[in-house]
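Working notes, structure below.
The values are calculated or read from the model by the stated rules, or taken from the named source; none is laboratory data. Just so we're clear, the structure is a prediction, and the values are computed from it rather than from any experiment. Quick reminder, even Gly has a Cβ in these numbers, built from the backbone with ideal geometry, and neighbours come from all protein chains shown.
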Amino acid sequence: MPLFRVEDERDRVLGSAGDPPRFEKPLSAAPAFHDTDVNGRAYRFLVMQALRIVDPGEPNGGVRHSITIVYGTPVGHVWHEVLEAIRFFAIATAITSRLYRRSHGLAGAKRALPCL
């Protein structure tokens, strides 16, 4: 289950799901990544700064708020999806290779497929 938290410049929580850990705020505009365990599960977190403008249509341009976004997802779930994709493509390649060899009279041949 993904975890996230959005805070304003005064560290007030504007929204959250779960209880992600606290990280130092990035010193630059570039996002920062952190790998850590939460309740015994490996997570990868993204921490980034952003600007939120409330009422941007107002004559003064609205009220600007600097916010910090912390978003984390379990690493195990990502690896599961990667392995499932590899499995799918391996099976599809094997089936396609076999069909190609049969359709070209190469059923018993041990040749590699030409690069297309």
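So that you can scan it fast, the table gives a plain yes or no per residue for (1) among the charged types (D, E, K, R); (2) at pLDDT 90 or above:
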{"position": "L3", "(1), (2)": "no, yes"}
{"position": "V6", "(1), (2)": "no, yes"}
{"position": "V13", "(1), (2)": "no, yes"}
{"position": "S16", "(1), (2)": "no, yes"}
{"position": "P20", "(1), (2)": "no, yes"}
{"position": "K25", "(1), (2)": "yes, no"}
{"position": "P31", "(1), (2)": "no, no"}
{"position": "D35", "(1), (2)": "yes, yes"}
{"position": "R44", "(1), (2)": "yes, yes"}
*Find all pairs meeting these conditions: Cβ atoms under 8 angstrom apart; at least six residues apart or on different chains; first residue within the stretch 45-62 and farther than 30 Å from G76 by Cα; second residue in a strand (DSSP E or B) and of a type in the set (S, T, N, Q).*
L51/S66; R52/S66
*Tell me which residues, restricted to the stretch 62-76, are more than 18 Å from the chain's Cα centre (by Cα) and within 12 Å of D8 (Cα to Cα).*
R64, H65, S66, I67
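To keep it simple, each residue is scored yes or no on (1) within 18 Å of the chain's Cα centre (by Cα); (2) under 30 Å from F4 (Cβ atoms).
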| position | (1), (2) |
| --- | --- |
| A17 | yes, yes |
| L27 | no, yes |
| F33 | yes, yes |
| V82 | yes, yes |
| A92 | no, no |
| S97 | no, no |
*asked:* Just to confirm my filter: which strands (runs of 3 or more DSSP E) fall fully inside the stretch 1-101 and include at least 2 residues that are surrounded by fewer than 11 Cβ atoms within 10 Å (Cβ to Cβ) and out of contact with any His (no Cβ under 9 Å at 6 or more places or on another chain)?
replied: 13-17, 32-38
*asked:* Checking the structure you have, find out if any residue of the stretch 1-18 is small (G, A, S) and within 12 Å of P74 (Cα to Cα).
replied: no
